[in-house]
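Note sheet for the following structure.
Nothing in this text is a laboratory measurement; each read-out follows from the coordinates by a stated rule. The shown structure was predicted, so the numbers you read here are calculated from the model rather than taken from an experiment. Note: ideal-geometry Cβ built from the backbone for every residue, glycine included; neighbour counts use all protein chains shown.
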Amino acid sequence: MHGWNGQILRVDVTKKKSSVQSYSKDFALKFLGGRGFAVKVLWDEFPKGVDPLSAQNKLIFAAGPLTGLPVASSGKIVVAAKSPLTGGYGDGNLGTRAAVNLRQAGYDAIIIDGKADNPCYIYIENEKVEILDASDLWGIGTFEAEDELIKMHGKAAGVLVIGQAGENLVKIAPVLSQKGRAGGRPGMGAVMGSKHVKAVVIKGTKDIPLSDPDGLKKLGREGYNDIKNKESYDFWIRQGTMMALEWANESSCLPTYNFREGVFDEAKGIDGYRMEELKVARRGCPNCNMQCGNVVRDIKGEEAELDYENVGLLGSNIGLGDLEKVALLNRQADEWGLDTISAGNIIGFVMEASEKKLLPDTYQWGSLDDARALLEKIAFRQDFGNSLAEGVRYLAAKIGKESTKWAMHCKGLECSAYDCHAAPGMALAFATSSIGAHHKDAWLISWEIATDRSAYSREKVAKLIELQQIRGGVFESLVACRLPWIEVGFSLEWYPRFLKAATGEEFTHQQLLTVGDRIYALIRCFWKREYPDFGRSWDMPPERWFTEPLTKGPMKGTKVDRAGYEKMLSWYYEMRGWDSNGIPTNKTLENLGLSDASAALNP
Amino acid sequence: MKIKFLGWIASLSGKREMDIEIEAPVQLREILPFSLHERNIIVIVNNRPGSEQSVVKNEDNVTLMPVISGG
């Protein structure tokens with residue numbers, strides 16, 4: 001094969017053994033890589049009902065056919081497992097040198113099984129695979145642990161690491177790398193912690209087999225130049241995703257006070273222009289020429305890397321309008337290995353519960369001290385933090401008294417930083433996202449605002465599915481970053497060309513979308529197998545967006561219309577070829593080459 | 001009337017906001033300092049989607065926004 005290494009590394013940390021598994025070209029063509037590989041492995045190898053924090057769960061790091069190649073923003077990897085937060089399929093992606101090294105070590109994916117007796121880390125150097133003692137690293141933060149591992153193995157090594165939160169099985173712990181890159185929001189870091197794996201360190205020195213190496217190099221160079229010459233490039237380099245803060249506030253979709261409002265009075269204190277005043281450096285992922293990690297000094301003078309999601313959730317969503325303070329929370333979350341999006345949701349939820357006198361202690365909106373204390377409680381599962389570490393769905397069930405209405409999650413995963421009172425299509429995007437309320441799979445809100453945000457239309461649903469196919473299907477499987485596409489207007493037509501040069505295979509745009517459909521359908525089957533009652537009622541956004549209109553800003557008085565939403569959900573199922581309960585029909589599964597899934601769901 | 005330029009469009013216009021007096025309703029393209037042709041830019045006029053063909057009046061609020069895809 002070209003483009004793919006054709007090999008998956010399996011590591012069993014219970015037995016301290018590793019092996020290499022080859023896979024077929026048919027598998028590669030059907031599932032492409034990344035998320036596609038991950039869900040297929042989890043579907044095929046999992047019995048129903050595995051405890052996500054047991055030795056039986058599998059932690060998968062999967063690259064794709066473009067990962068690590070000299071093409072636009074290709075230094076990313078998917079991390080996946082059954083989620084301890086949601087109980088369904090969970091994944092995320094992160095940019096890291098480990099992605100490039102994995103491919104150059106001769107593998108396309110790593111599957112970690114079992115549970116080590118003692119803290120360990122996995123060291124991979126081409127064919128050499130070792131499971132090494134990590135007792136000195138256990139209990140320290142991600143920054144320090146990565147520094148130690150780099151000291152031992154050299155700067156070229158790629159490191160995937162968890163913080164104390166992952167060790168403590170906090171269900172919102174992701175996997176981190178390079179002091180600020182995080183992936184696997186639905187508790188992938190907790191799965192790693194449950195296996196007593198502190199880190200995976202990878203060094204690869206081989207060439208990735210390519211169909212047309214010279215052609216790819218030339219094409220890659222042309223692509224990078226195309227990106228650099230885009231009109232929006234210079235501003236992107238200045239602000240990166242932080243530009244979205246002003247955008248969201250102006251559009252009434254900036255999460256504010258636990259998604260109660262879409263505008264924040266102190267937005268100027270945390271926006272991209274304020275970030276520019278504080279910026280000291282820019283960081284990013286390998287193979288990227290539009291690096292978006294903006295580094296500022298926090299209120300204690302420490303470096304913190306910011307992006308829009310962190311600031312939306314740890315800023316406006318908790319009523320904090322001082323970017324240096326937000327930066328401190330962000331750095332602390334990265335060091336302890338907490339997902340900033342879910343952490344901001346949990347803190348916002350607690351502050352609202354405190355305001356409503358549902359808690360014995362007081363936590364004030366906008367208080368840095370309160371927010372930091374809550375963050376620490378979560379990471380270390382201290383007293384009340386033991387409940388916080390389970391996520392807002394659990395918290396709301398525990399607190400009761402209608403708090404489920406403002407527990408901002410879908411399928412157990414807390415919402416990313418877009419308030420949807422005035423964006424019903426985006427609410428549908430969150431609710432039908434395959435891992436829960438995450439923006440990665442579908443980000444309809446730009447299109448929705450540009451067309452008619454108040455509409456409940458078939459066109460909106462069709463656009464949502466197209467975006468899910470591209471974002472959640474194609475980019476998550478290539479594996480490459482989607483940001484060049486929309487943010488600077490890098491055409492999708494580049495990707496089949498990259499694939500042709502890498503693999504020798506011709507992919508049409510439609511074929512790639514079909515891969516996306518296949519992945520979505522299989523993930524849907526995974527959820528259904530885990531939860532017999534899984535279906536339509538799981539595809540609902542938080543109740544707050546239906547029942548409590550915005551009270552401020554230009555969209556004041558707006559909320560999502562329930563009947564309109566239900567209508568769009570029905571269209572969504574119909575267009576996807578799923579039944580009225582949201583389960584892929586036998587015909588759809590068979591058309592996608594997933595007959596085995598059809599048979600498993602309908603024995 | 002007030003026109004806001006968000007994100008990279010502020011670089012294009014050289015300013016983040018523009019106040020302009022117009023005597024009679026005009027198409028937006030007649031008062032913008034740049035063309036929207038072949039540019040992927042969202043036009044909002046009084047919280048509703050618009051275009052450079054939208055006819056605007058002195059009391060209108062216009063926002064030009066980039067298409068972005070989230071953090």
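Where both bridge residues fall in the stretch A:97-236, DSSP classifies roughly 70% of the beta bridges as antiparallel. Once you order the gyration tensor axes a ≥ b ≥ c over the Cα atoms, which shape class does the protein assembly as shown get: rounded for a/c under 1.5, otherwise prolate or oblate by comparing a/b with b/c? Rounded is the answer for the protein assembly as shown, as its axis ratio a/c remains below 1.5. A DSSP coil position with no more than 12 other Cβ atoms inside 10 Å describes none of the GluC sites (Glu not before Pro) in the stretch A:563-603.
The Cα center of the stretch A:519-584 and the Cα center of the stretch A:113-139 differ in position by 41 Å.
Here is the result for the stretch A:241-321: no GluC sites (Glu not before Pro) lie in DSSP coil with at most 10 other C-beta atoms within 10 angstrom of their C-beta. Per residue of A:243-250, other chain Cβ atoms within 10 Å of the residue Cβ number 5 on average. Let me make sure I get this right: for chain B, a, b and c are the square roots of the gyration tensor eigenvalues over alpha carbons, sorted descending. Under 1.5 in a/c it's rounded, otherwise prolate if a/b > b/c, else oblate. Which is it? Prolate is the answer for chain B, as a/c is 1.5 or above and a/b outweighs b/c. For the stretch B:10-20, 3J(HN,Hα) computed residue by residue from phi via the Karplus equation (6.51, -1.76, 1.60; θ = phi - 60°) reads 5, 5, 5, 8, x, 7, 8, 8, 9, 9, 9 Hz, glycine and proline entered as x. Sorting A:362, A:241 from the fewest to the most surrounding beta carbons within 10 angstrom yields A:362, A:241.
Annotation for the stretch A:504-557: GluC sites (Glu not before Pro) lying in DSSP loop with at most 13 further Cβ atoms inside 10 Å of their Cβ are A:506.
Taking other residues whose beta carbon is less than 13 angstrom from the beta carbon of residue A:5, and scoring Lys, Arg as +1 and Asp, Glu as -1, yields 0.
Taking K and R as +1 and D and E as -1, what net charge do the other residues with C-beta under 11 Å from the C-beta of residue A:535 add up to? Once positives and negatives cancel, what remains is 0. Across the stretch A:238-409, the mean sequence separation of Cα contacts (distance under 8 Å, 6 or more residues apart), normalised by length, yields a relative contact order of 17 percent. Rounded to the nearest 20 debye, the dipole size of the stretch B:2-66 about its Cα centre is 260 debye, using +1 on the Cβ of Lys and Arg and -1 on the Cβ of Asp and Glu. Neighbour counting of Cβ atoms within 10 Å sorts the residues A:471, A:453, fewest neighbours leading, into A:471, A:453. Provide, for q = 0.25, 0.27, 0.29, 0.30 Å⁻¹, the log10 of I(q)/I(0) from a solvent-free Debye sum over equal Cα point scatterers in the stretch A:504-552. The Cα Debye sum returns log10 ratios of -0.92, -0.99, -1.04, -1.07. Going from the residue with the fewest nearby Cβ atoms within 10 Å to the one with the most, A:308, A:363 rank A:363, A:308. Per-residue ellipticity at 222 nm, computed for chain A from helices alone with -39500 (n - 2.57) per DSSP H run of at least four residues, works out to -11500 deg cm²/dmol. Since only A:159, A:57, A:182 are under comparison, the one whose Cα sits farthest along the positive direction of the charge dipole of the protein assembly as shown, derived from C-beta charges on Lys, Arg, Asp and Glu, is A:57.
Peptide B:59-65 is shielded by partner chain Cβ atoms: per residue, an average of 2 of them sit within 10 Å of its Cβ. Other residues with beta-carbon under 11 Å from the beta-carbon of residue A:491 carry, at +1 per Lys or Arg and -1 per Asp or Glu, a net charge of 0.
Counting Cβ atoms of other protein chains within 10 Å of each Cβ in B:5-12 and taking the mean gives 6.
Is the stretch A:133-254 rounded, prolate or oblate when judged by the Cα gyration tensor, a ≥ b ≥ c being the square roots of its eigenvalues, rounded requiring a/c under 1.5 and prolate requiring a/b larger than b/c? Oblate, since a/c reaches 1.5 and b/c is not below a/b.
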